[in-house]
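As C-alpha cells, the structure follows; a few thoughts come after it.
The values are calculated or read from the model by the stated rules, or taken from the named source; none is laboratory data. Here the structure is a predicted model, which means the values were calculated and not measured. A quick note on method: Cβ atoms are made from the backbone with ideal geometry, for glycine too, and the neighbour counts reach across all protein chains shown.
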Amino acid sequence: MFEKVNGFPSNFLWGGATAANQIEGAYLSNGKGLTTIDLLPTGPKRSHFSKGNLSSFNPEANQFYPSHGAIDFYHRYKEDITLFAEMGFKSFRMSISWARIFPNGDDAVPNEAGLQFYDNVFDELLKYDIEPIVTICHFDIPVNLAENYGGWKNRETICFYEKYAKTLFNRYKNKVKYWMTFNEINMLFHLPYIGAGIVFEEGENREQTLYQAAHHEMVASALAVKACHEIIPNSMIGCMLAAGNVYPYTANPKDYWEVMKMERDSYFLIDVQCKGEYPGYAKRFFNENDIHLNINSDDLVLLKNHTVDYVGFSYYSSRCTSADPDILNNLTDGNVFASVINPYLETSEWGWSIDPLGLRITCNQLHDRYNKPLFIVENGLGAQDTLLDNDIVKDDYRIDYLDRHIAEVAEAIKDGVEIIGYTSWGPIDLISNGTGEMKKRYGYIYVDRNNDGSGTLRRIRKDSFYWYKEIIAQNGAKY
Ligand code: BGP
C-alpha cells in the first residue's frame, strides 16, 4: 500500500561545506575590511575573545592570526573547485565575507572587487554543475559594526544586514538558488563575539543582551527571507542551527526534563524562524528572569510572514545531561556545548563524542518538529593526519566516521525525512573555528599548512577523497 523509500533521491546535493574566514585568506585584499574573526588569534585567547569577554580588540604583535592567510582559497579557488568537481560534488557550501562587500558594514556603496570575486567563484562552480549553497553570515562581521555599533546588540545592525543581503540577492540572482541567513544562529549564546560581534561591558546583564541580539538576528533573517523570495522567485532560503540530540543520563524524569530544557535552548531560535512566533516556554523564561525585549509590533508580523523554506543544520555530536549536580561535574572537554560524558560513546581526539545514530535521531526530531525539508550542511571528523611518502594520507578513521554517519542519513530518508543534501564540513583542510588550528583537519584534500602558518599550501588527495568520490558516483547506493 505504501511505496518503499529506497535510498537517496536522484537530485540529492552531495558536497562539502566551508566558511569564508576559514579558507579565503587575503584578509585585507582588494578593499576587504577587517572582520571580527580576523582579530582572533590561535591559542587560549581565541576562546576568551570568542565569548565576548575582552573589551579590547587590539591584536597582539607576533601572533598567528589564522584567517589572515587561511588556505588562500582567494587565489586558489580554481584549483580547489577542480578537485571538488573531480570528486563529483553536486553542491558546495560557502559563505560570503560581509566585509569584502561592505568593508565597514555601514558603507554607502558595495565594494565592486569583492562582488566580482564571488561572481568568479560562482561561475567556476557552475562550470562544473556544482550548486553554490551560500551562507550570508558565517561568524564574521565587519569590525566597525562590532566596535562602533555593538554588533547585533544594536537594532541598526538589522538595516546594514538587510542592505548587504539585498545586494547579494540582486547581484547573484541568476547564479545562487540556495541561501542560509546565519550560520549556527544558536551559537550566539555560547560564543557571543563570534556569533554576534558582542563584547560585554562591565556589569552588563548578559542574558538580556543576548536575547535582544538574538531578536535582532531573527528580524534580520526574516527580512532576508522576504527579500530573497521577492528578488529570486525560485530560491530556497533556510535557517541554520548547531544541532545534536540530547540524552538523559538516567530514566529519572528529572533528567528527561533537563534534556527538554537543553534542546529548547538550541531550538528556541529555530522555533521562531520556522513557526514564526516566540514559543510559550520562551515567554515564560523571559517573564521569570526579568528579561525585557524591545520588540516592535511590526517585528512580530515580519517573523510570522517570513519563515524559512528549509532547516540547515550542523551535526557533529549528541549530548547528554542530568539533573544530578554530581553527574554534571563529569563533563566532556573541548566542545562549546557542554555535555555529561556518555559512557556508551567514543570521542574524537578533541573530545567530541561520536554518535552516528544521533544523526538519524536528530533528523527525525527536526522533521517531526518543523515538517520542513532538512539540509545537513556540516558533519565530519576533525583529526590529525600524517602526510606519508609519495603524497599519501591514510585517513581510514575519517572514512569510518563519515561512512557510519551517511548510513544513518540513509536510514532517516527511509524513515520519511525529507533531506535535500549532505555537505560534509571542510572538504579541504581549513582553519578550525574553535581552536584556530590547522592541525584539526576535516578534509578529503590535505593542505600543506601548519599551525604557525608555515607550509607550501600544496593540495594533496587523501584516501577519503577517492572514497567520497565513489559514494557520490553511486549516489549512496551502498546504504
Ligand atoms: C561549526 C562551525 C564551523 C566549523 C565547525 C567545526 O561550529 O560552523 O565553522 O568550524 O563547527 O568546528 P571546529 O572548527 O572548531 O572543529
Anything in region 325-359 that is surrounded by fewer than 14 Cβ atoms within 10 Å (Cβ to Cβ) and among the aromatic types (F, W, Y)? List them, or say none. Y344
Complete set of residues in region 1-45 that are at negative phi, surrounded by fewer than 15 Cβ atoms within 10 Å (Cβ to Cβ) and not in a loop (DSSP other than H, G, I, E, B): S29, P44
For region 428-454, what are the residues that are more than 16 Å from the ligand (Cβ to nearest atom), of a type in the set (G, A, S) and either closer than 27 Å to P192 by Cα or modelled with pLDDT of 95 or more (or both)? G453
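Quick one: which helices (runs of 4 or more DSSP H) lie wholly within region 241-307 and hold at least 1 residues that are in contact (Cβ under 8 Å) with a residue 60 or more places away in the chain, under 17 Å from I361 (Cβ atoms) and in contact with a Cys (Cβ under 6 Å, 6 or more places away or on another chain)?
253-275
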Please pick out the residue among A220, A243, A214 that is surrounded by 24 or more Cβ atoms within 10 Å (Cβ to Cβ), closer than 17 Å to W152 by Cβ and not acidic (D, E). A220
Kindly indicate whether R459 is of a type in the set (D, E, K, R), surrounded by 17 or more Cβ atoms within 10 Å (Cβ to Cβ), within 16 Å of the ligand (Cβ to nearest atom) and modelled with pLDDT of 95 or more. no
What tally of residues in region 174-219 results from selecting those that are part of a helix (DSSP H, G or I), over 12 Å from the mean Cα position of the chain (by Cα) and within 16 Å of the ligand (Cβ to nearest atom)? 5
Does any residue of region 56-70 turn out to be more than 16 Å from the ligand (Cβ to nearest atom), modelled with pLDDT under 95 and within 30 Å of Y479 (Cβ to Cβ)? no
Based on what the data block shows, is G114 in contact with a helix residue (DSSP H, G or I) (Cβ under 8 Å, 6 or more places away or on another chain), at pLDDT 95 or above and at negative phi? yes
Looking only at region 123-137, how many residues end up being among the β-branched types (V, I, T) and either free of Cβ contacts under 8 Å to residues at least 60 places away in the same chain or more than 16 Å from the ligand (Cβ to nearest atom) (or both)? 2
Filter region 414-427 down to residues that are more than 12 Å from the ligand (Cβ to nearest atom), in contact (Cβ under 8 Å) with a residue 60 or more places away in the chain and in contact with a helix residue (DSSP H, G or I) (Cβ under 8 Å, 6 or more places away or on another chain), then give me how many there are. 4
Residue in region 138-148 that is nearest to the ligand (Cβ to nearest atom), counting only those that are touching a helix residue (DSSP H, G or I) at 6+ places or on another chain (Cβ under 6 Å) and not aliphatic (A, V, I, L, M): F139
Does T167 fit the bill of being closer than 17 Å to T35 by Cα, β-branched (V, I, T) and not in a loop (DSSP other than H, G, I, E, B)? no
Restricting to region 441-452, name every residue that is closer than 17 Å to L40 by Cα and either surrounded by 16 or more Cβ atoms within 10 Å (Cβ to Cβ) or under 17 Å from the mean Cα position of the chain (by Cα) (or both). N451
So, in region 366-405, how many residues would count as being without any contact (Cβ under 8 Å) to a residue 40 or more places away in the chain and within 16 Å of the ligand (Cβ to nearest atom)? 1
Is it the case that some residue within region 82-104 is modelled with pLDDT of 95 or more, hydroxyl-bearing (S, T, Y) and more than 23 Å from the chain's Cα centre (by Cα)? yes
Looking only at residues that are touching a residue at least 12 places away in the same chain (Cβ under 8 Å) and acidic (D, E) in region 328-357, which one is farthest from the ligand (Cβ to nearest atom)? D355
Taking region 308-327 and the residues there that are assigned to a strand (DSSP E or B) and in contact with a Leu (Cβ under 9 Å, 6 or more places away or on another chain), the one that is nearest to the ligand (Cβ to nearest atom) would be S314
V311: closer than 30 Å to E418 by Cβ, surrounded by 18 or more Cβ atoms within 10 Å (Cβ to Cβ) and aliphatic (A, V, I, L, M), yes or no? yes
